[in-house]
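Remarks on the structure that follows.
The values are calculated or read from the model by the stated rules, or taken from the named source; none is laboratory data. Values in this document were obtained by computation on a predicted structure and should not be read as measured data. Virtual Cβ from ideal backbone geometry, glycine too; neighbours counted across all protein chains shown. In case anyone asks, the SASA skips ligands and DNA or RNA and just uses the protein heavy atoms, side chains included. Shrake-Rupley method; radii C 1.70, N 1.55, O 1.52, S 1.80 Å.
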Amino acid sequence: MPSVSPRLRALGAAVLCIVIALVAGLALDSRLDRHWILRGLTLVLALCCAALLLTDQTRRIRQVVTAIGLAMFGLVIPVTQTTWATPPEIEFALAVATDAENAATKAARSAVTIEDVKSAAESRGGAIGSLKTDKTPEVRGATAFPLIVRAKADQGRPWACVSFEHGLDARVRPC
């Protein structure tokens, strides 16, 4: 069986890593912080491993290390970043942001208000602002954007921050 040239393997691996990185990056909701810096670094590391394939590797251990590096930086890390990017509190915040946008659009307003977000969170069983406790009697994140959105009204953490840029463009991030 003829073997594939190192240049062809390197090119194939590089193209595969770029495709996986792009698909994993675009698989997320556009309102989320996509961790582009971390995604860019993993793509650069995957391309470096592909470049190592290009060199003439005489030892088998170099090929094994390069293959493991390609698997980690080109496949495992981008896929896990995509999978872990939407924990339940982020999914709740995205749903609240969608409901608040719909409420503002229905009321023919060009911007989402804090009341829209508050009513959307409460209708889904959550709340906005930090939980008032004996340690922290002051509620934070309930009067100005970015708002703290909690999936359960009686639970403090985990929560997510929701802000609206240019009126109706939601941004959701962990906070």
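Give the residue that is farthest from Arg157 (Cα to Cα), with candidates limited to residues of the stretch 54-74 that are touching a residue at least 40 places away in the same chain (Cβ under 8 Å) and in contact with a helix residue (DSSP H, G or I) (Cβ under 6 Å, 6 or more places away or on another chain). Break it down into steps so the answer makes sense when it comes.
Filtering the stretch 54-74 down to residues touching a residue at least 40 places away in the same chain (Cβ under 8 Å) leaves 54-57, 70, 73-74.
Checking the rest, the ones that are also in contact with a helix residue (DSSP H, G or I) (Cβ under 6 Å, 6 or more places away or on another chain) come to 54, 57, 70, 73-74.
Details: Leu54: 48, Gln57: 51, Leu70: 36, Phe73: 31, Gly74: 33 Å.
Checked the stretch 54-74; the qualifying residue farthest from Arg157 (Cα to Cα) is Gln57.
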| Is it fair to say Gly74 is open to solvent by less than 40 Å² (accessible area, probe 1.4 Å) and in contact with a Leu (Cβ under 6 Å, 6 or more places away or on another chain)? | no
| note | The number of residues in the stretch 46-66 that are open to solvent by 50 Å² or more (accessible area, probe 1.4 Å) and either over 18 Å from Arg7 (Cα atoms) or touching a Cys at 6+ places or on another chain (Cβ under 8 Å) (or both) is 2
